[in-house]
Structures are given as structure tokens and as C-alpha cells.
Amino acid sequence: MTPDRPRWAAVVVEYESGPLLAECVDALRADDSAGPVEVVVVDNGSTGGSVAEMLVRHPDVAVIAPHANLGYARGANLGVAATRAPTVLVCNADTRIERGSARAVLDAFAADDELAVVGPHIVNPDGSTYPSARSAPGTGVAVGHALLGRVAPGNRFTRAYRQTDADPDRPRDVDWVSGAALWFRRDALDRIGGWDERYFMFLEDVDVCRSIKDAGGGIRYEPAASVIHVVGASRKRAPVRSVVDHHRAAYRYLDKWCTGPRRMALPAAAAFLGLRAAGAAGVAAVTGRAHGGNVPAPS
């Protein structure tokens, strides 16, 4: 490692996160457990002054401002391309990394040359665990969770998909980890050409993990790293659009990964997703919250 090259970088994808953005960068800078971090903020067209507020506290942070909301995947790619470190964290602006997390992740990468992606223990603001390490469900589990996940969250399909019966204090290999905060080995991300920019929002994390896993990289949940996440801080501003975007992303994922005879089921999947999106969007329009938007994509 050359003296002027940091060991790790952080790309923060920002969209209307308000004061949470400055708090996110505060926490990143405070975690010096793996040396100083190289921070890049990608501003996806925020209008509330969040970036200006952050720059008052951290004037040396690099900001990429495309002056439009390009989506999470495109924003992540722009940010990663502007960093130099061999390990890159991509995170939402509504996250706060806990001190010592960077060291835990870099130690995990150093101990396993095949490891390509590490996801931390994600904690809700109330201290509870967010189920961020998940399975790639088969069709039965995906449909079961989509139908029952909100009304009966303890059902067997949702438990299998979210791995809620697993010990959150033990590291484990998984199919994918939440894009709210995930570390990449840069060369593994480069090998697959980065995030798939056809996803605007939702399921881009499932997709990038699947692509890396198919290329031979390992995906691991590492609870020694911890991140507090205010889930959905940005999308609360547009709950109906969030529901629509989620279901659209689910179909895009199916269209990309379903091959052979399984493609014959795509029209039925489109109809199911359309009906579910209409119902969930109706609820969101009334309540102002994007209930029912969580749609797993079957493996």
C-alpha cells in the first residue's frame, strides 16, 4: 500500500437526507480503526441543503453533483470510480457507522482471499436488529413472503428469506446483504463491471451480490462491524413512487436472471407484481408510508 493511498473509502449516496448526511460523514470520519477514510458524497439532486450543511463541517469531502437523481446504482458507480482505496464502502446517507467497524471488515477481507463483499450488523434507531443478511429465495418462498410478510411477519417464508432464526451475533456466509451499507473488495466489483445501472432503486443490492457470487466471490455477514440505519429516510418523501419502483425492480430482476423455460412464467409474474403494487400504492397514498413494498426476487 502506497503511503498516499488510503486503506478504505466510503461512498455516500445522498438524496434528501437532511441533517442525517452530515451525521453520516461525522461517523465515517470518527472511525479511524483502519486508518483515515477517503469520503466521496454523490448528491443525487438534493434540494434541502443537506450537502451544504455537511460541507460546513467537512469542507474537504469530495462531492459529485450530477444535478439529477440518477438512482442508487448509478450514484454508487460514480462514487466508486472517484475513489482509490482497495476496499470501498457504499452506504446510504441515513446510516451511521460504529467505531471499529472498518477494522473488522478489513480484517475479514485479509483473512479470506475469496471474500468479495461484507455486510455489517445493521441496527435500527431503537437498538433492534434489522435483518440485513438474507437468502436468495426460491419462487415459493418469494411468493409466500410477498403475500404474508406484512400481515404475518412470523410466517415460515419470511423467516427463511430474512434469516431471522440465525444468530445476529455470529458471522456467516449469505446470498446477499443490504445495500444500506456494504463493503466491496474493489477488484471483485470491477470484475462484474460495477452495479447494474438499470435498477433505479431497490434490488440493486441483491443483483450486485448475485453477480459477484456467480463470479466466484464470497458474501459475508460480519457483526463485528455495526451500522445504525434510519430506514427509508429519503423515500418517505415519495411513498407511492417507492412502492412502484420496488415492484418495477422486482420484475427487472426476474427478467434479467430467469433463463430457459422459467421465462415462460414472466407474464404471470408481471401480473402478480402489478396487482400487488396497485394495492400497496393505494395503502401508501392513504397512510403516507410505503407499506407492502418489500418484494423479494426469487433465485
When the range 227-238 is examined, which residues are found to be within 14 Å of the chain's Cα centre (by Cα) and either at pLDDT 95 or above or open to solvent by 50 Å² or more (accessible area, probe 1.4 Å) (or both)? Val227, Ile228, His229, Val231, Arg235
List the number of the failed condition for Thr83; all other conditions in (1) modelled with pLDDT of 95 or more; (2) over 20 Å from the mean Cα position of the chain (by Cα); (3) in a loop (DSSP other than H, G, I, E, B); (4) not acidic (Asp, Glu) hold. (2)
Just the residues that are open to solvent by less than 40 Å² (accessible area, probe 1.4 Å) and out of contact with any Lys or Arg (no Cβ under 7 Å at 6 or more places or on another chain), please, taken from the range 93-111. Ala93, Asp94, Thr95, Ile97, Gly100, Ser101, Ala102, Ala104, Val105
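What tally of residues in the range 108-118 results from selecting those that are in contact (Cβ under 8 Å) with a residue 40 or more places away in the chain and out of contact with any Asp or Glu (no Cβ under 7 Å at 6 or more places or on another chain)? Let's see the steps before the verdict.
Initially, the range 108-118 is screened for residues in contact (Cβ under 8 Å) with a residue 40 or more places away in the chain, giving 108-109, 112, 114-118.
Next, from what is left, pick out any that are out of contact with any Asp or Glu (no Cβ under 7 Å at 6 or more places or on another chain): 109, 112, 114-117.
Of the residues in the range 108-118, 6 are in contact (Cβ under 8 Å) with a residue 40 or more places away in the chain and out of contact with any Asp or Glu (no Cβ under 7 Å at 6 or more places or on another chain).
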Could you list, in sequence order, all residues of the range 32-48 that are surrounded by fewer than 21 Cβ atoms within 10 Å (Cβ to Cβ), touching a Gly at 6+ places or on another chain (Cβ under 8 Å) and assigned to a loop (DSSP other than H, G, I, E, B)? Gly48
If you go through the range 251-264 one residue at a time, how many are open to solvent by 60 Å² or more (accessible area, probe 1.4 Å) and either in contact (Cβ under 8 Å) with a residue 24 or more places away in the chain or among the polar types (S, T, N, Q) (or both)? 3
The listed residue being small (Gly, Ala, Ser), in a strand (DSSP E or B), in contact with a helix residue (DSSP H, G or I) (Cβ under 8 Å, 6 or more places away or on another chain) and open to solvent by less than 30 Å² (accessible area, probe 1.4 Å), out of Ala73, Ala146, Ala116: Ala116
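Quickly run through the range 156-179 and pick out the residues that are in contact with a Leu (Cβ under 7 Å, 6 or more places away or on another chain) and open to solvent by less than 20 Å² (accessible area, probe 1.4 Å).
Of all residues in the range 156-179, those in contact with a Leu (Cβ under 7 Å, 6 or more places away or on another chain) come to 157-158.
Within the range 156-179, Thr158 is the sole residue that qualifies.
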Can you work out which of the residues in the range 133-160 that are within 23 Å of Ile192 (Cβ to Cβ) and in contact with a Lys or Arg (Cβ under 9 Å, 6 or more places away or on another chain) is modelled with the lowest pLDDT? Ala136
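The values are calculated or read from the model by the stated rules, or taken from the named source; none is laboratory data. Computed from a predicted structure; not experimentally measured. Cβ atoms come from the backbone with ideal geometry, glycine included; neighbour counts cover every protein chain shown. When the accessible area is computed, the model is the full protein with side chains, heavy atoms only, and any ligands, DNA or RNA have been set aside. Shrake-Rupley method; radii C 1.70, N 1.55, O 1.52, S 1.80 Å.
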